Amino acid sequence: MVTLLLDATRLEIVLSVTERALAFRRDDVRIDREHIRKVQLIDDAWAWLRGVPSPGTHVPRVLAMGIWKSAGGTDLVLVRGRRPAVVIDLQGDVEFQRVLLTTRHGLQLVQALRLEGDEDAVEVSELVTSEIDLPRPAPRRSPGMRAPRPATA
């Protein structure tokens, strides 16, 4: 899982050794905040892939890492499995037009990118959001289970 660091001037995507090898990158990705135009939360990252890996690693519906080139531009893709993802559209960045990455901290990342003024780098997973309470899904019952009957008086 990538580590996301954010300060007042840039977003840094820190890759592990394995992620660097799969993405064919030697260094971490640094994006100036002034180049970020739009950030979106998405459920299916696979629907957002465009182009072909060049260079990159692609195992359909399992793993996509590296640079994807298409007529629409050059994208950095860091997708694993069927997890929620974030799409970051860039304008004026030298290297990429879009970043697509899966992360457990997508909501916090979107909120943090909207904040102005923090000078220190903050790991996105450490951001606290007290205003947002996501509902938990109801537990599933197996098809053969019946709902408990109320006690009779």
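Read-outs: derived from the displayed coordinates by stated rules, not from any lab. If you're wondering where the values come from, they're calculated on a predicted model, not measured in any experiment. Here Cβ is always computed from backbone atoms with ideal geometry, including for glycine, and neighbour counts include all displayed protein chains.
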- Item | Estimated vicinal HN-Hα couplings, Hz - the range 47-62 in sequence order (Karplus 6.51, -1.76, 1.60; Gly, Pro = x) | 6, 9, 5, 9, x, 10, x, 7, x, x, 10, 9, 10, x, 6, 10
- Can you give me the relative contact order of the range 46-90 as a percent, contacts being Cα pairs under 8 Å and 6 or more apart? 30 percent
- With label points built 7 Å along Cα→Cβ from the Cα atoms of Leu41 and Arg83, find their separation and express it in nm. 1.5 nm
- Geometric extent, Cα atoms of the range 7-69 - Rg, Dmax (angstrom): 13.1, 36
- How big, in percent, is the set of alpha carbon pairs in the range 3-117 lying more than 20 Å apart? 35 percent
- Item | Per-residue ³J(HN,Hα) for the range 7-22, Karplus 6.51 cos²θ - 1.76 cosθ + 1.60, θ = phi - 60°, Hz, x for Gly and Pro | 10, 5, 10, 7, 10, 10, 9, 8, 9, 6, 4, 5, 5, 4, 5, 5
- Query: To the nearest 0.05, how large is the calculated FRET efficiency for Val52 and Ala8 if R₀ is 35 Å and r is the Cβ-Cβ distance?
  - Reply: 0.45
- Note on the structure: Per the rule of 0.36 nm per residue minus the C-alpha distance, extending Leu63 to Ala21 adds in nm 13.8 nm
- Out of residues 5 or more away from Arg50 or on other chains, whose amide H comes under 5 Å of its own, with H placed 1.01 Å from N in the peptide plane? none
- Extension gain, Glu34 back to Ser70 (0.36 nm per residue minus Cα-Cα distance, nm): 10.6 nm
- Message: Pairs of alpha-carbon atoms within less than 8 angstrom and 6+ residues apart define the contacts here; what relative contact order does the range 3-117 have, in percent?
- Response: 23 percent
- Item | Per-residue Cβ neighbour rank within 10 angstrom, fewest leading, Arg114, Arg104, Arg80 | Arg114, Arg104, Arg80
